[in-house]
Amino acid sequence: MPWFKKERKAPIAATKETQVRVPEGLWIKCPSCAQIIYNKDLVANLHVCGKCGHHFRMTAEERLRSLFDGEWQEYDAELTSTDPLGFTDTKPYRDRLASSIKATGRRDAIVTASGTLDGIRLQIAAMEYTFIGGSMGVVMGEKITRAIERALAEKSAVIIVSCSGGARMMEGALSLMQMAKVSAALARLDRARLPYLSVLTDPTTGGVTASFAMLGDLNIAEPKALIGFAGPRVIEQTIRQKLPEGFQRSEFLIEHGMLDLVVDRRELKATIARALRFMRADKPDAAGSSQ
Ligand SMILES: [Zn+2]
């Protein structure tokens, strides 16, 4: 469950009567500035707090809706993990998958789709954080690779919106292999001179950061997103030193040359469109001509 869902409550002192009359989930409290926001206003504002600009997490579907012009075509929605290792931690992976599928209506932590963004045809892959922390297993690797292959076939650009805790532990080395698999597909896209933009949202960590999330022709982050390999707590415990303020946040990383842009979500679509036109992705015959 995303942490912010727990914050939802009515803004009025909870007498017995208001508890009954104010439906659950109608209001949400901004964790950054404590502003009480009407949920519909938050949705209309692309899940950004109108007062302080805090970026709430989005579902994969909300993300696609915020980028595509209209309808999009989804691919490989039926692909699902087979639990290749028969893995069990606090509960069997099989059960974990089943409950995530039930809760999200998705069969894995990524949605891949094609459509147009400001009139430019492209492929977008967006992660679903509520599905086992957006973790990358064999299904995510395969679906992203197929999206890149579709882009190669139709000479279009690729955008991957990352929101992930990293490789999926329950698929062991098979998850780690997806880092190489997706990176190799991106190398082919690069050789075909087709653009790949990586959008890093809160959080983008582990094997996702260590592979394709950092391989974009442009690496664009949302404000204050946590981006890193190991989490700050793990690093602090390892090096036994206090980390600097804002360490591993977008603004710190761009200052240190790790990112190209930090873009407010409300400007993201226009920024991507401008970048794609600059890279001539709006003219598929011009791009990819030296293949
Ligand atoms: Zn706020």
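Throughout, read-outs are computed from the coordinates displayed, never taken from laboratory work. Since the model is a prediction, treat every value here as computed from it, not as a measurement. For neighbour counting, all protein chains shown are included, and Cβ atoms are generated from backbone atoms with ideal geometry for every residue, glycine included.
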Neighbourhood charge, 13 Å Cβ-Cβ cut-off, centred on A77 and excluding it, Lys, Arg +1 and Asp, Glu -1: -3
Folded to 0 to 90 degrees: helix 138-154 orientation relative to the chain principal axis, Cα: 50
Gyration tensor (Cα) of region 223-291, equivalent ellipsoid semi-axes in angstrom: 36, 15, 9
Unit charges on C-beta of K, R, D, E only; dipole of region 124-227, Debye: 260
Between helix 93-104 and the chain: long-axis angle, C-alpha atoms, 0 to 90°, nearest 10: 80
Space enclosed by the convex hull of the alpha-carbon atoms of the chain, per residue, Å³: 156
All-pairs Cα distance distribution in region 162-256, expressed in whole percent, bin size 5 Å: 3, 13, 20, 22, 18, 15, 6, 2, 1, 0
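Quick check on the chain: of the DSSP beta bridges with both residues there, what percent are antiparallel, nearest 5%?
Close to 45 percent.
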Orphan Cys of the chain, criterion: no other Cys C-beta under 4.7 Å: C163
Residue among C163, C33, C49 with the largest mean-square fluctuation in a Gaussian network model of the chain, springs linking Cα atoms under 10 Å: C33
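May I ask which of K102/K269; K29/K224; K91/K224; K91/K269; K91/K242; K29/K91 have a Cα-Cα span longer than 28 Å here?
K102/K269; K91/K224; K91/K269; K91/K242; K29/K91
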Radius 12 Å from Cβ of G246, net charge of other residues (Lys, Arg +1; Asp, Glu -1): -1
Sum of -39500 (n - 2.57) over DSSP H runs of 4+, divided by residues of the chain (222 nm, nearest 500): -10000 deg cm²/dmol
Value of relative contact order over the chain, rounded to a whole percent, pairs C-alpha under 8 Å and six or more apart: 13
